[in-house]
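Trainee: Sharing a structure with you now.
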Amino acid sequence: MTLDRTDLYMQMLDATGKLQTEISLMLEARVVEASKSQNWICQHINATNLEGHDHKMKVTGEINESVIDLIDGLTKMENALNRQMKALLGKHSSGSAIGLGSDDDMGFGGMLPFGEDEKL
């Protein structure tokens, strides 16, 4: 039994959908973790627990650095999913992906340029 190109694309899209479902479950877990961290930080990191301006700035910097790392990781993951979809959909003879506009912006008109890093 051989599959035609359309069936192969459908299997690839199905796999991509399942991957994104798994990613959403991981992100939901991260939200729960972030909520617990937020509650802990709000209850334990305050002026009475942190002596001195330097110590306050150090702790605040560490918290902000972890948030920036999380955002950076999410951006890289979304860029990888974007490249995967571009590779999957490819270009048709009309020069655009399947009903999504140009291949460069995935049909969103370039309105979501979230720090795409070309070196990834």
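Any read-out appearing in this document is the output of simple, stated calculations on the displayed coordinates, not a laboratory observation. A quick note: this is a predicted structure, and the numbers were derived from the prediction, not measured. Note that each Cβ is placed from the backbone with ideal geometry, even for glycine, and that neighbours are counted across all protein chains shown.
Trainee: At what distance in nm do the modelled label points of Cys42 and Asp7 sit from each other, each positioned 7 Å from its Cα along Cα→Cβ?
Mentor: The modelled label-to-label distance comes out at 5.4 nm.
Trainee: Cα gyration tensor of the range 15-56, axes a ≥ b ≥ c as square roots of the eigenvalues: rounded (a/c below 1.5), prolate (a/b > b/c) or oblate?
Mentor: Cα axes put the range 15-56 in the prolate bin.
Trainee: Which ³J(HN,Hα) values in Hz, rounded to whole numbers, follow from the phi angles of the range 27-32 under the Karplus curve 6.51 cos²θ - 1.76 cosθ + 1.60, where θ = phi - 60° and Gly and Pro get x?
Mentor: In residue order, the calculated couplings are 5, 4, 5, 5, 5, 4 Hz.
Trainee: What FRET efficiency, computed as 1/(1 + (r/R0)^6) with R0 = 30 Å and r the Cβ-Cβ distance, is obtained for Lys86 and Glu33, rounded to the nearest 0.05?
Mentor: Between Lys86 and Glu33 the formula returns 0.45.
Trainee: Using R₀ = 25 Å, calculate the FRET efficiency as 1/(1 + (r/R₀)^6) where r is the Cβ-Cβ separation of Gln20 and Ile68; round to 0.05.
Mentor: Step by step, r from the Cβ atoms, then E = 0.55.
Trainee: Describe numerically, in nm with one decimal, the distance between label points set 7 Å from Cα along Cα→Cβ at Lys76 and at Thr60.
Mentor: With each label placed 7 Å out from Cα toward Cβ, I get 2.8 nm.
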